[in-house]
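Undergrad: Sharing a structure with you now.
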Amino acid sequence: MAVLNRMDWYDLARTTNWTPTYVTEDELFPPLLSGAFGLPQNAWEKYDEPYKQTYPEYVKVQRDKDAGAYSVKAALERSRIFENSDPGWKSVMKAHYGAIARGEYAAASAEARMMRFSKAPGMRNMATLGCLDEIRHGQMQLYFPHEHVSKDRQMDWAFKAYDTNEWAMIAARHFFDDIMMTRDAISVSIMLTFSFETGFTNMQFLGLAADAAEAGDHTFANLISSIQTDESRHAQIGGPALKVLIENGQKAEAQKRVDIAVWGAWKLFSVLTGPIMDYYTPLEHRKQSFKEFMEEWIVAQFERALTDMGLELPWYWDIFLNDISQTHHGMHLGSYFWRPTLWWNPAAGVTPAERDWLEQKYPGWNDTWGQCWDVFIDNVVDGNMAMTYPETLPYVCNMCQLPILGVPGKGWNVKDYPLEYNGRLYHFGSEVDRWVFEQEPERYAGHLSIVDRFLAGMIQPMNLEGALKYMNLAPGEMGDDAHNYAWAEVYKAMRAAKAAG
Amino acid sequence: MALFPLTSNFEGDFVLQLVAVDSENTMDEVAAAAAVHSVGRRVRARPGHIMRVRRQGGAEFLPRTLKVSESGLKPTETIEIIWEAPKA
């Protein structure tokens, strides 16, 4: 029997907006969940998805993708890549799996909201496939690390991290709860798929895949490249929704959602991906600096995506462009200094050769970030390890939940952005974080940062031991230097040589 | 006498930190408490300098003997700790 071509039946088959008679339209599509922006069903019928795929096609393609990724894993299982890889690279994997795997699974629920509650039939179809994508990503990124759990207890955090009060996970949950778990279908399409996935996941899944291949970890490179092929499809769910909103006079609301989500995504990537690319990945395997990746994927490509859509660049774009040279250095220094609070072992990444690379990629690094590292390195060389650890908490932002930081050393420029709201003093890491709060204060006001929880007596005893217990970090899980400070040997040798004259 | 949390922004350091002081501490004592978490960890000591306290963005240092309870500082308010060079 002849089969019709897809495009001969696709539009008709997915035109499933019915005229409800037993219930009202608002009962069928509750505005809080549907996010209809006051637009009737027929306005959303103009939603035209750029990526038209049918279910049988989807299943066939996904089966092939799975077969590819799983067979590479099976073939390389005996290669002992994990055992033989640089400890810095292992930390990349641990950070990635813990931060990402369960978030992907949670994203299936966000996709399901678009699938059920969007008034746009085309979005419902794309989100059906997107939901299945996210389940696949959750499963794969739990299954792949599982083989290493018996070798390294920190690998257990691939599953465990999302349920803990570890500070980076509080930050990740705060962001994802905001953009995908507690928003209506249309807002999810704008904030999760357009802003976060189109804008940023290329960084983690293509940039990092390039580094993984360079590091010889083809299992990981294949896994995350396979995932990215799904992301690049379902990331397109938001674009046509933006078009509908702009055509119907809702550009300001659309723009606001983009601006909020892009900023939050940036902050999260500055702590997760920045240190990985510029410090953990062994020098010889680095393809580009984090800043260069950001400039290629976000500044060049995402800027174009925004303007093509008829949107403006976020109002804070100049702040953002400045921050991509700085913020992640602070996130690295902070996460490294507070390393017992991580579920991975951060690589310092500050040997003289690595510092030369940093200085070349980020002129002025030695006079700023390097000044703090100089003191740290002296302490390691002197065996004064107590001074290489913290004795208090960094103050974290009440929006992004990450440390409030800025440029140290000779270019010292660190600032708090406070705001008093309903008698409570909030602290923010930037003008933009504070602006996000001000857009909808009641949405965020009740949340307690890790510092707020500490001050409220929720963390006992009120010291590092109590904080680690609160974060569910057991002995054998808490982070320490990835290379056991072996990198400091070169500094010891330099000092000995200097002393010898 | 009461525990009083402040947020320390220490000159030369990269991050704001929580510092617990006492409401009866002087500004010199506040600066010393803040220094514990920055100097010798990520900021080099500056022999001969005095550490002064000011409100974030403030033009004037708070008097060295001023007590926290007299300063009008709010709990968790951010203070800047600045190195003051010895007078020649």
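Laboratory data are not the source of any read-out in this text; all were calculated from the coordinates shown. Source: prediction; values computed, not measured. Note that each Cβ is placed from the backbone with ideal geometry, even for glycine, and that neighbours are counted across all protein chains shown.
Undergrad: Just the number: Rg to Rh for chain B, Cα atoms, Kirkwood Rh, two decimals.
TA: Rg/Rh: 0.94.
Undergrad: Report the local net charge at B:Trp83: Lys and Arg +1, Asp and Glu -1, summed over other residues whose C-beta lies under 15 Å from its C-beta.
TA: +3
Undergrad: Projecting each Cα onto the charge dipole of the stretch A:252-405 (Lys/Arg +1, Asp/Glu -1 at the beta carbon, about the Cα centre), which of A:Ile324, A:Trp373, A:Ala265 comes out farthest on the positive side?
TA: Positive-end residue among those listed: A:Ala265.
Undergrad: Between A:Ser79 and A:Glu420, what FRET efficiency follows from the Cβ-Cβ distance if R0 is 56 Å, with the result rounded to 0.05?
TA: Once rounded, the FRET efficiency stands at 0.45.
Undergrad: Counting only other chains, and only Cβ atoms inside 10 Å, what mean value do you get across the residues of A:390-397?
TA: That average works out to 6.
Undergrad: Bin all alpha-carbon pair distances of chain A at 10 Å intervals from 0 and give each bin's fraction as a whole percent.
TA: Calculated P(r), rounded to whole percents: 4, 18, 28, 26, 15, 6, 2, 0, 0, 0.
Undergrad: Just checking the output field for A:362-374: average partner chain Cβ neighbours within 10 Å of each residue's Cβ?
TA: 2
Undergrad: Please work out the Cα center distance from the stretch A:251-319 to the stretch A:47-84, rounded to the nearest Å.
TA: 26 Å
Undergrad: Take A:Asp382 and A:Lys469, extend 7 Å from each Cα along the Cα→Cβ direction, and tell me the distance between the two endpoints in nm.
TA: 3.3 nm
Undergrad: Could you please report the charge total around A:Ala221, scoring K, R as +1 and D, E as -1 over all other residues with beta-carbon less than 13 angstrom from its beta-carbon?
TA: Within the 13 Å Cβ shell, the charges total -1.
Undergrad: Report, in debye and to the nearest 20, how large the dipole of chain B comes out about its Cα centre when Lys and Arg carry +1 and Asp and Glu carry -1 on their Cβ.
TA: 300 debye
Undergrad: Could you tell me which chymotrypsin sites (Phe, Trp or Tyr not before Pro) in the stretch A:1-49 are loop residues by DSSP with no more than 14 other beta carbons within 10 angstrom of their beta carbon?
TA: Filter output for the stretch A:1-49: A:Trp18, A:Tyr22.
Undergrad: What's the angle, to the nearest 10 degrees (0 to 90), between helix A:121-146's Cα axis and the longest principal axis of chain A?
TA: For helix A:121-146, the angle is close to 30 degrees.
Undergrad: As I understand it, the value is the acute angle between the Cα axis of helix A:238-247 and the longest principal axis of the Cα atoms of chain A; what does it come to in degrees, rounded to 10?
TA: So the helix axis and the longest Cα principal axis differ by about 60 degrees.
Undergrad: Using a 10 angstrom Cβ neighbour count of at most 15 plus a DSSP loop assignment to flag exposed GluC sites (Glu not before Pro), which longest range of chain B is free of such sites?
TA: With a cap of 15 other Cβ atoms within 10 Å, the longest stretch comes to B:25-59.
Undergrad: Could you work out the mean count of beta carbons from other protein chains within 10 Å of each residue's beta carbon in B:74-83?
TA: 3
Undergrad: Name the residue from A:Tyr47, A:Ala120, A:Met462 whose Cα lies farthest towards the positive end of the charge dipole of the protein assembly as shown, charges +1 on Cβ of Lys and Arg and -1 on Cβ of Asp and Glu.
TA: A:Met462
Undergrad: Next up: Please list the radius of gyration and Dmax for the stretch A:363-494, considering alpha-carbon atoms only, with Å as the unit.
TA: When restricted to Cα atoms, the stretch A:363-494 yields Rg and Dmax of 18.3, 57 Å.
Undergrad: Give, rounded to the nearest 20 debye, the magnitude of the charge dipole that the protein assembly as shown has about its Cα centre when Lys and Arg contribute +1 at Cβ and Asp and Glu contribute -1 at Cβ.
TA: 480 debye
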